[in-house]
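Before any comments, here is the structure.
All of the numbers you see were taken from the coordinates with simple rules; none came from a lab. Since the model is a prediction, treat every value here as computed from it, not as a measurement. We place every Cβ from the backbone using ideal geometry, glycine too, and count neighbours over all the protein chains shown.
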Amino acid sequence: MKKQPLVIAHRGASGLAPENTLSAFEKAIELGVDRIEMDLRQTIDGEVVVIHDKTVVRTTNGWGSVRKLPLHKLRKYSAGSWFNPNFKEERIPTFKEVLELVDGRTTLLLEIKDGSPYHQGIERNILRLVNEFKANDWCIIQSFNDRVLRNFRQKPELNSDVQKLFAAFIPVAPFYGGSRFSYKRVKSYDFAEEVNINYKYVNPRVVRKVHEMGKKVNVWTVNQPKNLEKYYKMGVNGIITDFPDRLIEILGR
């Protein structure tokens, strides 16, 4: 019997509530997930907020770029009405609000979408909030942006803390155009204990080879029950899904 994978809620339980909202995070916690994946950006006035896209267009009824808007204006937009009218009162949450809500009840997988200088000082501001809430044991840093990873590794004001507080969790971006999965890139992240890989690139051989490197494999984003079961049987260490309830049912929790 294979060891059960971690249940990782993608942007919260985003198949059941609007993504990256307090409702989606609370629903994931109620379901009993092992981790919640979420996306961090920063407003023009330096507030770290939880939203995936560079603009607010897709997930709110507003308009504009996150980094060019102040928090008070972002908060005027509904972040839930697009999903269902019942969520029309949802707003883009601040990272601080999420830390207050979660309070150690599960682990947060913090995806920093763009670091400095695009969001000036975002790495420092995230770390400050993690320290403020004593959330070191239940926060994990990840980013597709190598500059973010370098900042956490090399900048003295970040490096001294991040090495003690975070387990590096590195997503491997999809390589389009039919190119092959890059084991070389995975190997170059010698400090990473886990690798987060798009489902298109995950097969038994990939899982075996990454495990041979001494790293764990997590797959994203998997939603269909037959695929959830497939990757579970494949021996991945974690599955990132919009529907954590489906995975929990398959695992018999």
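If you take every DSSP beta bridge whose two residues both sit in the range 6-146, what share of them, in percent to the nearest 5, is antiparallel?
Among the beta bridges of the range 6-146, antiparallel pairing accounts for roughly 30 percent.
Could you tell me which of the pairs Lys68/Lys184; Lys54/Lys200; Lys54/Lys155; Lys2/Lys134; Lys2/Lys200 are separated by over 27 angstrom between their Cα atoms in the structure shown?
Lys68/Lys184; Lys2/Lys134
So, counting K/R as plus one and D/E as minus one, what does the shell of residues with Cβ under 12 Å around Tyr118 add up to?
That sum, taken over residues with Cβ under 12 Å, equals +4.
Check each of the trypsin sites (Lys or Arg not before Pro) in the range 13-60 and keep only those in coil by DSSP with at most 13 other C-beta atoms within 10 angstrom; list them in order.
Here the sparse-neighbourhood loop sites are Arg58.
Out of Val207, Val102, Gly80, whose Cα points farthest toward the positive end of the dipole of the chain (charges: +1 Lys, Arg; -1 Asp, Glu; placed on Cβ)?
Of the options given, the answer is Val207.
Report the charge-dipole magnitude of the range 63-162 in Debye, nearest 20, computed about the Cα centre from +1 at each Lys and Arg Cβ and -1 at each Asp and Glu Cβ.
440 debye
What shape does the chain have by the C-alpha gyration tensor, where a ≥ b ≥ c are the square roots of the eigenvalues, rounded means a/c under 1.5, and otherwise prolate means a/b greater than b/c and oblate the rest?
The shape class here is oblate.
Compare Asn84, Asn237, Asn151 in a GNM of the chain, Cα atoms joined below 10 Å, and give the one with the largest fluctuation.
Asn84
Which of the chymotrypsin sites (Phe, Trp or Tyr not before Pro) across the range 173-253 are loop residues per DSSP, with 14 or fewer other Cβ within 10 Å?
Of the chymotrypsin sites (Phe, Trp or Tyr not before Pro), the ones in loops of the range 173-253 whose Cβ has at most 14 other Cβ atoms within 10 Å are Phe175, Tyr176, Phe191.
Relative to the Cα centre, what is the charge dipole magnitude of the range 1-47, using +1 at the beta carbon of each Lys and Arg, -1 at the beta carbon of each Asp and Glu, and rounding to the nearest 20 debye?
Its charge dipole is roughly 380 debye.
Can you tell me the dipole magnitude for the range 67-116 around its Cα centre, using point charges on the Cβ only (Lys, Arg +1; Asp, Glu -1), in Debye to the nearest 20?
The calculated dipole for the range 67-116 is roughly 340 debye.
What percent antiparallel are the DSSP beta bridges of the chain, to the nearest 5?
Among the beta bridges of the chain, antiparallel pairing accounts for roughly 15 percent.
Got the relative contact order for the chain handy, in percent, Cα pairs under 8 Å and 6 or more residues apart?
20 percent
List the lysines whose alpha-carbon lies under 20 Å from that of Lys27, not counting same-chain residues fewer than 8 positions away?
Lys88, Lys96
Per 0.36 nm of contour for each residue apart, how much would the distance between His72 and Lys54 grow if the chain were fully extended, relative to their Cα-Cα spacing?
4.8 nm
For the chain, what does -39500 (n - 2.57) per DSSP helix run (n ≥ 4), summed and divided by total residues, give at 222 nm, in deg cm²/dmol to the nearest 500?
Result for the chain: -9500 deg cm²/dmol, rounded to the nearest 500.
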